[in-house]
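Read-outs throughout are calculated quantities, based only on the coordinates presented, and are distinct from any laboratory measurement. As the structure is a prediction and not an experimental result, all values here were calculated from the model. Ideal geometry is used to build each Cβ from the backbone, glycine not excepted, and the neighbour counts take in all protein chains shown.
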Amino acid sequence: MNVDKNKIIFRQGEKANTAYLIESGQVEIFYTNKMNIDTHLTVLGQGELFGEMALIDANVRSASARALTEVSLHVIQKDQLLEKVNASSSLVQLIVKILMERLRRLNQAEGGDPFQKVQSTDRHNDALEKIKYENEIFEAYKKNEFVIYHQPIVDMKTRAIVGSEALIRWQRPKDGMVSPGQFIDILENSSMIVPVGYWIFEQCFLDSKKIQSSVQKPFSISINVSGRQFLHHDFISTVKDLVLKHQINPADFKIEIVERVMMESGLLMNILSELRKIGFQISLDDFGTGFSSLQYLADMSIDFLKIDRSFVVNLFNDEKTKSVVRSIIYLAKQLNLKVIAEGIESEAEATLIQELGADMGQGYLFSKPLDFETLIKLLSTK
């Protein structure tokens, strides 16, 4: 948020639910008495916070803020802060609550200076940069800067492309394609993952219809779903609505969930069963990297196991790893599950994975993640 010199940012007495971090420029805080006389309180600069009482209670602004120079600000919404606090541990929530109460009492105390400066530190600046980046990610979603790439999945016997895994990418106007590692965790640790997750469903449904009409080959798209979205109160009903809206066949899609999320929530079993009733296939991703029991695997409503890249890369270096992979594939076959090995990057890995019994494979040996137009061209030539 940019504010011109001498512009009022907020006025005393206004309702408030936002605070501001100063990225550049200077802001004056002043108080207006009943005689309409302004009293200068302080001047704040880069890295400093103001309007923070709005994050604590529902009271109106106790003072006004004016840009002394051109100012660049980062807006902090009350809901954004509460979301982070509520997602933290009980101890952190207690500490934050105590500190908020102390700040409120300080601001209400006679003679107290509610705008006492807090000196900027490296930790403070790091937090400022993180908040700035989070805001950029949220804006990217609003501006449709996210795109879906597809990494092909092949039949290990025929090497024919039989499906893809949908992967979200950020096409940042000023920097080009942003690595998923730079924004995925931020999305998954915020409520933004829910609307973004439904957007991914819609894009995959649209892509599937285009593939079926232009290529006319059996093709299944794997959609990754976060634990937060799985447990969202209207997840199943929203997915049903999207299926009806786009008139797709759910059997053309695999819903992927990582093993760690499966272990953390007892509610997940019912949700997976509901998805299978709708017609979706279920795939357990990164199998072997968590702590799932064999009983859990037998009880789950799943159709596919994905063997993590960490196993594939060590197949030639560790006989124990090879034995583990062989056992996983054998167990999957006994449970009537199909096996997908991910992260295959060499012909030697592909040959050994096929010999061990994997049904499908995915990795840079076959193809890197592709934009949709490139995927269509590839499917048309195969």
Take each of the peptides 149-156, 359-366, 134-141, average the number of other beta-carbon atoms within 10 Å over its residues, and list them starting from the highest.
-> 149-156, 359-366, 134-141
For 170, 199, ascending order of other Cβ atoms within 10 Å (fewest first) is 199, 170
A student applying the Cα gyration tensor rule (rounded when a/c is under 1.5; otherwise prolate if a/b is larger than b/c, oblate if not) would label the stretch 188-266 prolate
In terms of Cα to Cα distance under 19 Å, which aspartates and glutamates are near enough to residue 245, apart from those fewer than 8 places away along the same chain?
-> 202, 207, 234, 274
Does the stretch 271-382 come out rounded, prolate or oblate, given a ≥ b ≥ c as the square roots of the eigenvalues of its C-alpha gyration tensor, rounded meaning a/c under 1.5 and, failing that, prolate meaning a/b above b/c?
-> oblate
Stretched fully, the stretch from residue 11 through residue 182 gains (0.36 nm per residue minus C-alpha distance, one decimal, in nm) 57.8 nm
Using a cut-off of 18 Å between alpha-carbon atoms, which aspartates and glutamates can reach residue 157, once sequence neighbours fewer than 8 places away in the same chain are excluded?
-> 342, 345, 347, 349, 355, 359
Which order do 351, 39, 321 fall in if you start with the one that has the fewest other Cβ atoms within 10 Å?
-> 39, 351, 321
If Lys and Arg each add +1 and Asp and Glu each add -1, what is the summed charge of the other residues whose beta carbon sits under 9 Å from the beta carbon of residue 32?
-> +1
Would you mind checking 174/254; 240/377; 217/240; 142/217 for any pair whose Cα atoms are more than 27 angstrom apart?
-> 174/254; 240/377; 142/217
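For 333, 322, which order do you get if you count the other beta carbons within 10 Å of each Cβ and list the fewest first?
With the fewest neighbours first, 333, 322 line up as 333, 322.
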Listed by chain and number, the aspartates and glutamates with an alpha carbon less than 13 angstrom from that of residue 5, same-chain partners under 8 positions apart left out, are 28, 70
Cα→Cβ-extended label distance, 7 Å offset, between residue 242 and residue 160, nm = 2.9
